1. Specify which of the listed residues (Leu181, Leu141) is more than 29 Å from Arg85 (Cα to Cα), under 23 Å from the mean Cα position of the chain (by Cα), assigned to a helix (DSSP H, G or I) and at pLDDT below 90.
2. Which residues, taken from region 257-284, are under 21 Å from Phe328 (Cβ atoms) and more than 34 Å from the chain's Cα centre (by Cα)?
3. Which condition number does Leu220 fail, the rest of (1) in a loop (DSSP other than H, G, I, E, B); (2) without any contact (Cβ under 8 Å) to a residue 24 or more places away in the chain being met?
4. Can you say whether Ala246 is within 18 Å of Gly421 (Cβ to Cβ), more than 17 Å from the chain's Cα centre (by Cα), surrounded by fewer than 18 Cβ atoms within 10 Å (Cβ to Cβ) and hydrophobic (A, V, I, L, M, F, W, C), as far as the supplied structure shows?
5. Residues Glu353, Glu367: which one is modelled with pLDDT under 95 and either surrounded by 21 or more Cβ atoms within 10 Å (Cβ to Cβ) or in contact with a helix residue (DSSP H, G or I) (Cβ under 9 Å, 6 or more places away or on another chain) (or both)?
6. Kindly list the number of the only condition in (1) in contact with a Leu (Cβ under 7 Å, 6 or more places away or on another chain); (2) free of Cβ contacts under 8 Å to residues at least 40 places away in the same chain that fails for Gln172.
7. Which of (1) modelled with pLDDT of 90 or more; (2) small (Gly, Ala, Ser); (3) farther than 26 Å from Leu375 by Cα does Ser429 not meet, given it meets every other one?
8. Across region 249-270, which residue is modelled with the highest pLDDT among those that are surrounded by fewer than 17 Cβ atoms within 10 Å (Cβ to Cβ) and not basic (Lys, Arg)?
Amino acid sequence: MLWSLIKILVFVAAVIALTYGGTMLMDVEGGATISVGGIAFTLSPIELVFGFVAVVVAVWLGLKLLALMVATFKFLNGDETAISRYFDRNRERKGYEALSEGMMALASGEGHLAMTKAARAEKYLKQPQLTNLLTAQAAELTGDRRKAEATYKQLLADDKTRFVGVRGIMKQKLSEGDTDLALALAKKAFALKPKHEETQDVLLKLQAEKADWTGARQTLNAKLKSGSLPRDVHKRRDAVLALSEARDILDTGKTIESREAAIEANRLSPDLIPAAVMAARGYIADGNARYATRVLTKAWSVQPHPELAAAFAEIVPDETADARLKRFQSFIKRTEDHPETKMLLAELNISAEDFPAAKRALGDLVEKDPTARNLTLMAAIERGEGADDSVVRGWLTRALTAPRGPQWICDNCQHIHASWGATCSNCKSFDTLSWKTPPAGDVAMPAGTEMLPLIVGQKHDSAPPAPVEVVEAEVVTPSLEK
């Protein structure tokens, strides 16, 4: 407000000054005579002033016109001038408008419009590092994979856009199922940007899928150093990779190296069941029963599992059933209420032919959480106590339709696995297998149902025909056989 008032006052003062000056000039007597071509012009003082101003303006316009002519000549000659800069700014404005509209079209799913705008932007901007990316993504959106790949390859020529080009082609090869080429491209992208989290994840998944455990561990360490992976998660996954590496080494016949790798995996993650089992069996092979016991007991206290019990039984393979039952007491004392512990105790007592104790060990498990395994154990107990065949067959019939209990299940796709692995065989996810009960409705009993041989026994000639056919199979935990 104050500034506006000041400008008004200055304008009024200038008008007053000019008016006053003009009045003074009009009062001045005399003038000047100018002769041009024999013709004399007499000018008053005020006319002289206006004439002088007119001459100055004419000279200024002449200089400007001359500068315009020079600029036009340079423009036509191809030199940079104000005119060329004007047209350049105009093209740049149109180019960025087209680029912005193309990005909006891409975000809204209009692939063909985005490609048209990208071509227009390239026409005006001449900056392929900007427009090629838009063209490639728009081509992918419209399903033109060939054009998208060709455009991504153009990005490889520039150091600034090489990573974008490699990543784009890598994602295309992944969607096509060409994992070998995708792995090579992931390694290249990782070399260009080691801290890029998505590239780290893709490379780690592909390396695990291809059983490149050493490379996967290096990638995992890079994720830890870049801060994209918590330390506890890194420790667990490093153990998974070390265990997988140990299994591969074992397959090549290098037992000593595999034992060391298994022990390293168990050290990194003591609760990893397969690592504990493999490490314990390595200690057993070395004759170190104390270390094997410690490894298995620690893992069992975290997550009771049949494979842990089987490995614990292998520590003393030739002991009597009573001695084995006594030795297992210290192994299971911290998990007495766990269903796996109850079933293990029942099996040990069945092996020792103490069927009342086996029934007490199962408790109400067959009522509260019936599974194929504990129902089969109940049939074995009834058989051992001398129950009628109809009673035994009744328990077996229930076992055939009961859930199998905990299994190795992928947390990502819920696929059930017969054994543990570093990656899911269905969705290829890394470190997603957990020992848990599958959702209700899954197949209760597979074709090769495991049952205790003593359940079936020999039929008497006078026995009535069985309502269901029972196939004899392996024992539930073979290592616990006497």
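1. Selected residue: Leu141, the only one of Leu181, Leu141 that is more than 29 Å from Arg85 (Cα to Cα), under 23 Å from the mean Cα position of the chain (by Cα), assigned to a helix (DSSP H, G or I) and at pLDDT below 90.
2. If the condition is that a residue be under 21 Å from Phe328 (Cβ atoms) and more than 34 Å from the chain's Cα centre (by Cα), then Arg281, Tyr283, Ile284 are the ones that fit.
3. Every condition holds for Leu220 apart from (1).
4. No, not satisfied.
5. Glu353
6. (1)
7. So the condition that Ser429 fails would be (1).
8. Within region 249-270, the match that is modelled with the highest pLDDT is Glu260.
The values are calculated or read from the model by the stated rules, or taken from the named source; none is laboratory data. Nothing here was measured: the structure is a model prediction, and the numbers come from that model. Note: ideal-geometry Cβ built from the backbone for every residue, glycine included; neighbour counts use all protein chains shown.
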